Amino acid sequence: MRMNNFSLMRSLDIHEDPTFIPEVAAGVTEDKSEAESPSDVIKQLTDARSDSARNGFSFKGIKDYLECYRSGKLTPTQVAKNIIAMLEDCDKSTPPLRAIVQWDQEQIMLMAEASTTRYRNKCTLSCLDGIPVCLKEEFKVVPYHHRVGTVYLGTQPETEDATVARKLREAGAIIIGVSNMHELGTGTSGCNPNRYHKIPRNPYNPNHFTGGSSSGSAAAVAAGLCPVAIGTDGGGSVRIPASFCGVVGLKGTFGRISCHGSLPLSYSTVSVGPICTSVADAAIVYSILAEPDLLYPYGLKQPKATLSDMCAPDLKGLKLGVDWTFFKACDAEVLSACEKAVKHLQSLGASVVEVSLPEMEEARVAHVICILSEMRDFLQPDFNKHFHEMNLETRASLALACQFTALDYIKANRQRTRSMRFLQEIFSTVNCILTPAVPCTAPRIFESDLLTGSSDMTSTVRCMRFMQLGNFTGIPGLVVPIGYSTAGLPISLQVMAKWWDEAVLLRIGLKLEQFREQTKKPSIYYDILA
């Protein structure tokens, strides 16, 4: 508590009423009736000339799969057979990748054959028809076990899908299985020594962590097993692993994508989001998943998701907010790459505006109090009944949460009111806020981690540095890979926008991708379309 300043709230006198749920009413937006519909934008994104040959290696994305299916070069059935062969290879490799922890050959083939028939009959369901996807084990997915990274949950196969799983099925996607995750989402490394999970490996260097807690989702995408994965993000759990594994991660506005059917570990900080090979793919998945869900109480009054101006030729008129003091608190290699990426955005017509993000230490501590208190409350029965079946790190995190009081929690939510008000003021002057994604590159895996797991609170706190504001206040965030360290590990930049304005993130993200001169091929990569 003392080392991490977690008792900070006790010394503060905050008078604002607490905000327990960061729901924000949709503002009045200008009439976009003549603007392009999301389907028109998606058609532009999928019809655009493929840049697979540009600068050597590029990840295979949704567009590459669609080109194969539409041309008849491959069918979803043939792709599914390739994936099954690769999944078998993943399990046998040394060390095993451990990205997908549950998969079923019969289920994969059933979905693929149905998709193949639809392509033959020219009656596909969406541009995700036949596209391989995986979902984090935090979601209920028929017929897999809903273990959430533990050894004690999900003793029986699921019989009902989470909303996102159902929507992906309805779109015709091929669910190739459920992906590995940090036990109960309690860490940022992805380290999970449980017998059902083991430690997923970073495809760029298998001796390094993937990041967590959506560890397997990011590893599966970076390793080429699928171009799309779904994760959850309560403290960077989509954006951290996407950054460490060199792929794109989107955390939507709080309530934008339904969490129904995922374990409700923290009801006020968690958002669902896609991890993809490209910003265009993230936009496609977002447009399909982002809408109200009567089974999920938050986001019922959200505005319609748009992709407005995503394909604009430049960034003229956009104001990019940067708090340079906050921005620079990262490793030198990360800072150098991120500063150059900001200059690239300026070269496309955007202006950089210096902003001040106030009370960031207070927001950091308040976020930790909120997420851990809510997890501790939800997991109280598990903590009592399954304590000895939990990883040591999970026990330590939940034990730490026991030290927070009701007064700490209420004060933290009073701070949330202040932080949200500060952001409303900042977003009245800029379109977005830029930060590095993570202050460092993926940490190394040590031999002891394989046996007992890893518990490094200093590293966890540092990895969440640029993530927590989005989770605490509910604003959306997008991370895009922009380069590599001298050791060849990925570096990413983060863009955050006001509530419900994911469209501006995707517009900036599309241009940010152009900054990276070369995409390095991961050391573990399966070309499913080869």
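The values are calculated or read from the model by the stated rules, or taken from the named source; none is laboratory data. If you're wondering where the values come from, they're calculated on a predicted model, not measured in any experiment. In this analysis, Cβ positions are derived from the backbone assuming ideal geometry, glycine residues included, and neighbour counts consider all displayed protein chains. The protein model used for the area step is the full one, side chains on, heavy atoms only, and it has no ligands, DNA or RNA in it. Shrake-Rupley method; radii C 1.70, N 1.55, O 1.52, S 1.80 Å.
Taken over the range 143-167, the criterion of being in a loop (DSSP other than H, G, I, E, B) and more than 30 Å from GLU393 (Cβ to Cβ) is satisfied by THR159, GLU160.
Counting only residues that are surrounded by fewer than 22 Cβ atoms within 10 Å (Cβ to Cβ) and in a loop (DSSP other than H, G, I, E, B), which one in the range 511-524 is modelled with the lowest pLDDT? Within the range 511-524, the match that is modelled with the lowest pLDDT is GLU517.
Taken over the range 118-142, the criterion of being outside any loop (DSSP other than H, G, I, E, B) and of a type outside the set (D, E, K, R) is satisfied by TYR119, PRO132, VAL133, CYS134, LEU135, PHE139.
Taken across the range 236-243, residues that are over 21 Å from ASP40 (Cα atoms), of a type in the set (Val, Ile, Thr) and crowded, with 23+ Cβ neighbours inside 10 Å do occur, with at least one present. Could you identify the single residue in ALA283, ALA337 that is in a helix (DSSP H, G or I) and within 22 Å of GLU170 (Cα to Cα)? That would be ALA283, the only listed residue that is in a helix (DSSP H, G or I) and within 22 Å of GLU170 (Cα to Cα). As a summary of the residue check, LEU451 satisfies the conditions (1) hydrophobic (A, V, I, L, M, F, W, C); (2) in a helix (DSSP H, G or I); (3) at pLDDT 95 or above except for the one numbered (3). Against the list (1) in contact with a Lys or Arg (Cβ under 8 Å, 6 or more places away or on another chain); (2) within 22 Å of THR150 (Cα to Cα), the condition ALA280 fails is (2). Among residues of the range 504-527 that are of a type in the set (Phe, Trp, Tyr), those with a beta-carbon under 7 Å from a residue that is part of a loop (DSSP other than H, G, I, E, B) at least six positions away or on a different chain give the pairs TYR525/PRO203; TYR525/ALA223; TYR525/GLY224; TYR526/ALA223; TYR526/GLY224; TYR526/LEU225. Can you confirm whether HIS208 is closer than 25 Å to THR452 by Cα, open to solvent by 10 Å² or more (accessible area, probe 1.4 Å) and not small (Gly, Ala, Ser)? Criteria met by HIS208. Taken over the range 318-334, the criterion of being outside any loop (DSSP other than H, G, I, E, B), farther than 18 Å from GLN514 by Cβ and touching a strand residue (DSSP E or B) at 6+ places or on another chain (Cβ under 6 Å) is satisfied by LYS319, GLY321, VAL322, PHE327, VAL334.
Inside the range 468-524, residues that are farther than 22 Å from LEU335 by Cβ and over 15 Å from the mean Cα position of the chain (by Cα) make up a count of 15. Condition check for GLY470 on (1) in contact with a strand residue (DSSP E or B) (Cβ under 8 Å, 6 or more places away or on another chain); (2) open to solvent by 10 Å² or more (accessible area, probe 1.4 Å); (3) assigned to a helix (DSSP H, G or I); (4) among the small types (Gly, Ala, Ser): one failure, at (2). For LYS198, indicate whether it is part of a loop (DSSP other than H, G, I, E, B), of a type in the set (Lys, Arg) and closer than 30 Å to THR460 by Cα. Considered against the rule, which asks whether it is part of a loop (DSSP other than H, G, I, E, B), of a type in the set (Lys, Arg) and closer than 30 Å to THR460 by Cα, LYS198 comes out as yes.
Pull up the range 315-334, narrow it to residues that are in contact (Cβ under 8 Å) with a residue 40 or more places away in the chain and open to solvent by 30 Å² or more (accessible area, probe 1.4 Å), then point me to the one that is farthest from LEU66 (Cα to Cα). Within the range 315-334, the match that is farthest from LEU66 (Cα to Cα) is ALA329. Of all residue pairs spaced 6 or more apart or on separate chains, those with beta-carbon atoms under 6 Å, a first member in the range 375-394 that is of a type outside the set (D, E, K, R) and a second member that is assigned to a helix (DSSP H, G or I) and buried (at least 18 other Cβ atoms within 10 Å of the Cβ) are PHE383/LEU398; ASN391/GLU183; THR394/GLU183; THR394/LEU184. When restricted to residues that are outside any loop (DSSP other than H, G, I, E, B) and either touching a helix residue (DSSP H, G or I) at 6+ places or on another chain (Cβ under 6 Å) or closer than 30 Å to TYR204 by Cβ (or both), the range 387-415 contains 12. Check the range 151-164 and report whether any residue there is out of contact with any Gly (no Cβ under 6 Å at 6 or more places or on another chain), modelled with pLDDT of 95 or more and among the small types (Gly, Ala, Ser). Yes, the range 151-164 has at least one match.
The residue that is least open to solvent (accessible area, probe 1.4 Å), among those in the range 62-119 that are among the hydroxyl-bearing types (Ser, Thr, Tyr) and under 23 Å from ILE524 (Cα atoms), is TYR65. Just one residue in the set ILE508, ILE433, ILE426, ILE491 is out of contact with any Gly (no Cβ under 7 Å at 6 or more places or on another chain), modelled with pLDDT of 95 or more and either open to solvent by 20 Å² or more (accessible area, probe 1.4 Å) or aliphatic (A, V, I, L, M) (or both); that residue is ILE508. Can we say ASP89 is in contact with a strand residue (DSSP E or B) (Cβ under 9 Å, 6 or more places away or on another chain), touching a residue at least 12 places away in the same chain (Cβ under 8 Å) and of a type in the set (Asp, Glu)? Here the answer is no, as ASP89 does not meet what is asked. Looking only at the range 168-191, filter to residues that are touching a strand residue (DSSP E or B) at 6+ places or on another chain (Cβ under 9 Å) and open to solvent by 10 Å² or more (accessible area, probe 1.4 Å); which one of those is farthest from LYS136 (Cα to Cα)? Restricting to residues being touching a strand residue (DSSP E or B) at 6+ places or on another chain (Cβ under 9 Å) and open to solvent by 10 Å² or more (accessible area, probe 1.4 Å), the top hit is ARG169. When the residues of the range 19-63 are filtered to those that are hydroxyl-bearing (Ser, Thr, Tyr) and part of a loop (DSSP other than H, G, I, E, B), the one that is modelled with the highest pLDDT is THR19. Residues that are surrounded by 17 or more Cβ atoms within 10 Å (Cβ to Cβ) and over 27 Å from SER243 (Cα atoms) within the range 293-314 comprise ASP293, TYR296, TYR298, GLN302, listed in sequence order.
Report every pair of residues separated by at least 6 positions or lying on different chains whose Cβ atoms are under 6 Å apart, first residue within the range 401-415 and buried (at least 20 other Cβ atoms within 10 Å of the Cβ), second among the basic types (Lys, Arg). The qualifying pairs are ALA401/ARG376. Restricting attention to the range 446-461 and to residues that are of a type in the set (D, E, K, R) and in contact (Cβ under 8 Å) with a residue 60 or more places away in the chain, the residue that is surrounded by the most Cβ atoms within 10 Å (Cβ to Cβ) turns out to be ASP449.
Of the listed requirements (1) modelled with pLDDT under 95; (2) within 23 Å of SER278 (Cβ to Cβ); (3) not in a loop (DSSP other than H, G, I, E, B), LEU66 misses just one: (1).
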